[in-house]
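What follows is a set of notes on a single structure, which appears directly below.
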Amino acid sequence: MKPSTKKFILILIASVAGILLLIGLGIFIFLNTQFNVYEDARYKFSIKYPKTWKVVVRPNSTAAVAFLRPKDTALDILQENFSVTIQSMPDTVYSLAEFSDAIKRQMTGMFEKSINIIEYHPIHWGWRSGYKMVFRAPKPDHLWMSNAWLLRQDQAYIMAFLGDLNRYKQDSLIVNEMINSFRLK
């Protein structure tokens with residue numbers, strides 16, 4: 001191979017690597033400027049959330065926090081939301097797999113044939129294992145829901161997003177960033 005060809009290939013590889021690095025840096029900067037971090041001292045966790053979303057601390061007896069996405073218009077019926085719920089582990093559940101199967105049975109039992117499970121698989125937060133389940137309920141409400149959970153000692157940390165199926169592509173990027181940012185302290 002000619003030296004000029006080798007030089008051209010090296011310059012091309014370096015240029016592509018530089019462009020990919022700039023794109024990665026741009027995405028990193030974009031995500032860091034679009035999100036705040038919520039820290040919960042009582043339940044010892046942190047999670048990123050979009051800066052434009054409203055934070056509601058302890059909206060009910062089991063939820064630690066809820067994040068509400070602003071409505072697009074005043075006519076919106078559904079307000080998309082993401083919550084983190086802390087639940088005591090049932091005495092009959094001994095493992096993550098058993099807990100995950102119980103959640104899946106509850107969801108399919110509650111909604112019966114009106115839901116379609118899109119994802120159901122293990123996920124990881126660093127060295128912690130959890131599960132993720134995404135489903136859609138096209139009829140009658142046109143909803144999608146994303147759930148992720150992990151166990152710590154005798155508690156389950158459950159993250160749940162409820163949204164409009166028409167916004168799935170846009171909201172799923174945000175929801176995945178929120179789920180992936182979840183950290184126990």
* Does S100 fit the bill of being polar (S, T, N, Q), surrounded by 14 or more Cβ atoms within 10 Å (Cβ to Cβ) and out of contact with any His (no Cβ under 8 Å at 6 or more places or on another chain)? -> yes
* Structure fact -> Among residues of region 82-94 being assigned to a loop (DSSP other than H, G, I, E, B) and hydrophobic (A, V, I, L, M, F, W, C), the residue farthest from the chain's Cα centre (by Cα) is V93
* Of the conditions (1) in contact (Cβ under 8 Å) with a residue 40 or more places away in the chain; (2) farther than 21 Å from A63 by Cα; (3) in contact with a helix residue (DSSP H, G or I) (Cβ under 9 Å, 6 or more places away or on another chain), K139 fails just one. Which one is it? -> (1)
* In region 154-171, the residues that are outside any strand (DSSP E or B), in contact (Cβ under 8 Å) with a residue 60 or more places away in the chain and not basic (K, R) -> D154, D171
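Considering only region 56-76, state which residues are of a type in the set (V, I, T) and either within 20 Å of Q170 (Cα to Cα) or in contact (Cβ under 8 Å) with a residue 40 or more places away in the chain (or both).
Passing the criteria: only T73.
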* Single residue of Y157, Y168, Y131 found to be aromatic (F, W, Y), modelled with pLDDT under 90 and surrounded by 14 or more Cβ atoms within 10 Å (Cβ to Cβ) -> Y168
* **Residue check for A97: small (G, A, S) and assigned to a strand (DSSP E or B)** => no
* **Answer residue from region 77-93, given it is free of Cβ contacts under 8 Å to residues at least 12 places away in the same chain and either within 28 Å of H142 (Cβ to Cβ) or out of contact with any helix residue (DSSP H, G or I) (no Cβ under 6 Å at 6 or more places or on another chain) (or both) and is surrounded by the most Cβ atoms within 10 Å (Cβ to Cβ) among those** => Q79
* Structure fact -> Of the conditions (1) under 30 Å from F28 (Cβ atoms); (2) free of Cβ contacts under 8 Å to residues at least 40 places away in the same chain; (3) polar (S, T, N, Q); (4) part of a helix (DSSP H, G or I), the single one that T108 does not satisfy is (1)
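The values are calculated or read from the model by the stated rules, or taken from the named source; none is laboratory data. Worth saying up front: this structure is predicted, and the values here are computed from it rather than measured. Please note: Cβ atoms are built from the backbone with ideal geometry, for glycine as well, and neighbour counts cover all protein chains shown.
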